[in-house]
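The structure under discussion appears below in the form of structure tokens.
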Amino acid sequence: MVEDDISFIEVKDDIGITGVCSLAETIWYEFFPSIISLDQIEYMLKKFLSREAIEKDIKNGYRYFLCKDGREYIGFISVQPKQEWNSISAARRLFLSKLYLVQEYRGVHLCSRLMKKIRQLAEESRCTEIYLTVNKYNSHAIDVYYHYGFRNEKSVETDIGNGFIMDDYVMSCSLENFNP
């Protein structure tokens, strides 16, 4: 891997969606069995990373990007800018919905490239903060997010159907504290 060979291709057609679906299946089955059951992996892939789910996401303002090393797809990200209101004011926040790399590209300092792309997308969308959800038992990802300045906002349990729960932390980072 040469960092200069890393590129991002926005997913806008069936070929891109097929690439995301294929990567998701590979990545989820190589990583998540240590955290969630195979039944839940299968269910979540169908619910959140099927062709239909990704097409719906894109229609609802999510942007997907395939990460490519030369000619090989190695991961993907998905983000959605959101206007959110609290009791005091409105803020534009970028929801980092998905950030995945195939196994051989984890732990080789590639995450900084993905984080730089995420920051660029936040700036383009005029967002002041980035936030995400991460499985409470995904300690490596949590450590990575802490490294980039994210903080833990709260714990959430989300019923996703079929008897499954997502047990997550919501983490966030202001752009001024986010320095990939």
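Read the figures in this text as sums done on the coordinates, not as results from a lab. What you see is a predicted model; the values in this text were computed from it and never measured. Every residue, glycine as well, gets a Cβ built from its backbone with ideal geometry; the counts of neighbours run over all protein chains shown.
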| Within-10-Å neighbourhood charge of R93 [Cβ basis; K, R +1; D, E -1] | 0
| field | Relative contact order (percent, whole number), the chain, Cα cutoff 8 Å, 6+ residue spacing | value | 18
| Under 15 Å, Cβ to Cβ, from G163 - net charge with Lys/Arg +1 and Asp/Glu -1 | -3
| Check: the chain dipole with +1 on Lys, Arg Cβ and -1 on Asp, Glu Cβ, in debye | 480
| message | From the phi angles alone, apply the Karplus equation (6.51, -1.76, 1.60; θ = phi - 60°) to segment 44-59 and give each ³J(HN,Hα) in whole Hz, x where the residue is Gly or Pro. | response | 5, 4, 5, 6, 10, 10, 7, 3, 5, 5, 5, 4, 5, 4, 4, 5
| said: For segment 1-80 and segment 94-130, what is the centre-to-centre distance using only Cα atoms, to the nearest Å? | reply: 13
| message | Quick check: convex hull over the Cα atoms of segment 3-177, volume per residue in Å³, rounded to an integer? | response | 124
| remark: With label points set 7 Å from each Cα along the Cα-to-Cβ direction at S7 and K116, the distance between them in nm comes to 1.6
| field | Burial ranking of peptide ranges 169-176, 45-52 (average Cβ count within 10 Å, highest at the top) | value | 169-176, 45-52
| said: Number of Lys pairs in segment 19-163 with C-alpha atoms less than 18 angstrom apart, excluding same-chain neighbours closer than eight positions? | reply: 19
| query | In debye, nearest 20: dipole of segment 45-136 around its Cα centre with unit charges on the Cβ of K, R (+) and D, E (-)? | reply | 100
